[in-house]
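Read through the structure below, which is laid out as structure tokens, and then see the notes.
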Amino acid sequence: RITITNLNMNTQPKYGTAEAVAFLNGTAPDAIGRTIEDYLAFDMDKWEECHNHVQWAFPNNEASMFNPNAPVVDMQDFANQLTWEGRDNVLKLAHNYLASLGIVADDSLSTTYHIDYKSDRLAIWLTHPRDHNLLRLTRLLHVWSYIDPDRAIGLLGTLADVVKVANSRASLSGKPEVISADTMVFWINAALGRK
């Protein structure tokens, strides 16, 4: 007979709203000592390869399955406590992240985005139905639903175009769809703050 005793499973996150806000406002580092300036200097490859930063760049109210040191925030408190500088940092991080996917803002003030069809970045992530960027985009949409809802809706429209492109490419090569209707539902709910 096997008995499972105290596995020391801590149900409380180590980091919460205060830490996430301080990080994005530029007054404290993330869990491993990186600053907002470090994140802003990430190149496209770093956005793709690194797996313990997205949860700090775009925190939300659900614990990460991949990063035990990710903050878990109260979304309304997070939005209320984030300074204008913090909001600007989220926007800059999002623009850098989206560019690493081949999605760019129409201009620096625009809330709409478009697919950069010349970007070789699309081929990196639009090939696998379980790509981690599908979850990352959900996270980004959810953050924006609280701090910039118009931007969340603008990105959602572009992601609908991404779905068409990805699934058309897959269909032409005889492969199953890359982005399912369920993923689009997750994105819609996240953009509307329902996640």
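The values are calculated or read from the model by the stated rules, or taken from the named source; none is laboratory data. Just so we're clear, the structure is a prediction, and the values are computed from it rather than from any experiment. As a convention, Cβ positions derive from the backbone with ideal geometry for all residues, glycine included, and neighbour counts pool all protein chains shown. These accessible areas exclude ligands, DNA and RNA; they are computed on the full protein's heavy atoms, side chains included. Shrake-Rupley method; radii C 1.70, N 1.55, O 1.52, S 1.80 Å.
Can you tell me the FRET efficiency between Arg87 and Lys14 if r is taken as the Cβ-Cβ distance and R0 is 25 Å, rounded to the nearest 0.05? Don't skip to the end; give the middle numbers.
On the way: r = 25 Å, r/R0 = 0.98.
Approximately 0.55, to the nearest 0.05.
Candidate membrane-span-like segments in the chain, meaning DSSP H helices with Cα atoms spread over at least 18 Å of their own axis and a Kyte-Doolittle mean of -1.0 or above, are 84-99, 132-147, 149-172, with no membrane implied.
For Leu135 and Asp77, compute 0.36 nm times the residue count separating them, minus their Cα-Cα distance, and round to one decimal in nm.
So the extension gain works out to 18.6 nm.
To put it simply, the accessible area of the range 105-195 at a 1.4 Å probe is 55 percent carbon and sulfur. For the range 82-172, the gyration tensor built on C-alpha atoms gives a prolate shape. Its axis ratio a/c (a ≥ b ≥ c) is at least 1.5, and a/b is the larger of a/b and b/c. Whole Å is fine, so just give me how far the alpha carbon centre of the range 108-132 lies from that of the range 64-106. Computed from Cα coordinates, the inter-centre distance equals 17 Å.
Ranked highest first by average number of other Cβ atoms within 10 Å, how do 63-71, 168-176 line up? Walk me through the numbers before you get to the answer.
Numbers: 63-71: 16.7, 168-176: 11.3.
Those peptides, ordered most packed to least, come out 63-71, 168-176.
Take each peptide in 138-150, 120-132, 88-100, count the other Cβ atoms within 10 Å of every residue, and average; sorted highest first, the result is 138-150, 88-100, 120-132. Net charge dipole, the chain: roughly 680 debye, given to the nearest 20, about the Cα centre with Cβ charges of +1 for Lys and Arg and -1 for Asp and Glu. Taking every protein chain into account, the accessible area of the range 40-191 amounts to 48 square angstrom per residue (probe 1.4 Å).
So if each residue of separation counts as 0.36 nm, and I subtract the Cα-Cα distance between Ala28 and Ser180, what length gain in nm does that give? If you can, show how the numbers build up before the last one.
Numbers: separation 152, 0.36 × 152 = 54.72 nm, distance 3.81 nm.
Extra length from Ala28 to Ser180 when fully extended: 50.9 nm.
Shape class of the chain from the Cα gyration tensor (axes a ≥ b ≥ c, square roots of the eigenvalues): oblate, since a/c reaches 1.5 or more and a/b does not exceed b/c. Run the simple label-point estimate for Thr35 and Thr112 please: 7 Å along Cα→C-beta, distance reported in nm. Placing both labels 7 Å along Cα→Cβ, they lie 3.8 nm apart.
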